[in-house]
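Read the structure below first, then the notes.
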């Protein structure tokens, strides 16, 4: 057990490698109840989120539809990344990171002052993430036929309220699956039923190797308030259109885009018998230096991979300072793995 955003969290329940492979090839369940769920209720909610989020909340028009976005400061730095759900015209749900809970609530609350919006933190809810190619069908077997039909019909990045569960087809592993928000008192029973149905218990270790193989950022490692989305592989989550939407951080990002970002995010593949870790120096000959922001051993690819922030002019090869040794690495465009398949060319 380790501290994670103020919560005691399990690194693994047994073999971290076996938990990783269970999610890639079958199914696993993660307790992600440390994530903070906030409901925003009131007629001013859509206008508030249009200003707070870099992505365009106006795209959400169908109840249950979801959007990934960053919440930025005036300088374009990332306060947090989150998922927003459209529940009704006057109600949205945000799922934010545990470690940023306090500052997120303070930031949202400050901008909601004087606006007809009420913030309701849902501490009554737990969240279980069931992930893997067999995750949805194994979860559906635990529901009534009507609930199972509704859940299995969900498109990616949509959610639905099914009795007292809110089920969304989202995740943080690069695999299909559900994230289930349910009354906290029911979580243990559901966990045991999932185990009984062949879904393996998984901890933080497998969650990190899976998300990194999927090329997904971790807040505090791959981006924070001192970095912006355009240098963090998140330009796709910034909606500059419509031009009249004045979201916080827009002016700063437009200026960076006009002059060109000094840095970019790349994936790294190391063919040596070593492991990439956060904060290792990345040397780009004739260009400058960058830094590994996340690194791990990839169980799927059987080699070390990482994400790095490097000078914008970086080409296809770099060197990484691993304990005083300069080891060659190849730059690639993440993801490394998606739906169990390698997405990058691998050296022979």
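Observations on the structure shown:
- Complete set of residues in the stretch 250-280 that are in a loop (DSSP other than H, G, I, E, B) and either more than 30 Å from residue 239 (Cβ to Cβ) or in contact with a helix residue (DSSP H, G or I) (Cβ under 7 Å, 6 or more places away or on another chain) (or both): 261, 271, 272, 273, 274, 275, 276, 277, 279, 280
- Checked against the criteria, residue 198 counts as in the same structural domain as residue 131 (by TED's automatic domain parsing), touching a residue at least 60 places away in the same chain (Cβ under 8 Å) and over 25 Å from residue 125 (Cβ atoms).
- Residue check for residue 47: in the same structural domain as residue 188 (by TED's automatic domain parsing) and either assigned to a strand (DSSP E or B) or surrounded by 19 or more Cβ atoms within 10 Å (Cβ to Cβ) (or both): no
- Test: residue in the stretch 70-77 that is over 25 Å from residue 250 (Cα atoms), assigned by TED's automatic domain parsing to the domain that holds residue 180 and either in contact with a helix residue (DSSP H, G or I) (Cβ under 7 Å, 6 or more places away or on another chain) or surrounded by 15 or more Cβ atoms within 10 Å (Cβ to Cβ) (or both): no
- Applying the criterion of being touching a helix residue (DSSP H, G or I) at 6+ places or on another chain (Cβ under 7 Å) and farther than 19 Å from residue 98 by Cα to the residues of the stretch 195-208, the residue that is surrounded by the fewest Cβ atoms within 10 Å (Cβ to Cβ) is 198.
- Output for the stretch 85-115, where each listed residue is touching a helix residue (DSSP H, G or I) at 6+ places or on another chain (Cβ under 9 Å) and in a loop (DSSP other than H, G, I, E, B): 89, 90, 97, 115
- The set of residues from the stretch 209-231 being touching a helix residue (DSSP H, G or I) at 6+ places or on another chain (Cβ under 7 Å), in a loop (DSSP other than H, G, I, E, B) and buried (at least 21 other Cβ atoms within 10 Å of the Cβ) comprises just one member, 228.
- Just one of (1) closer than 19 Å to residue 32 by Cα; (2) touching a helix residue (DSSP H, G or I) at 6+ places or on another chain (Cβ under 9 Å); (3) outside any helix (DSSP H, G or I) fails for residue 181. It is (2).
The values are calculated or read from the model by the stated rules, or taken from the named source; none is laboratory data. Given the structure is predicted, the values throughout are model-derived calculations rather than measurements. Neighbour counts are summed over all protein chains in view; Cβ atoms, including those assigned to glycine, are modelled from backbone coordinates with ideal geometry.
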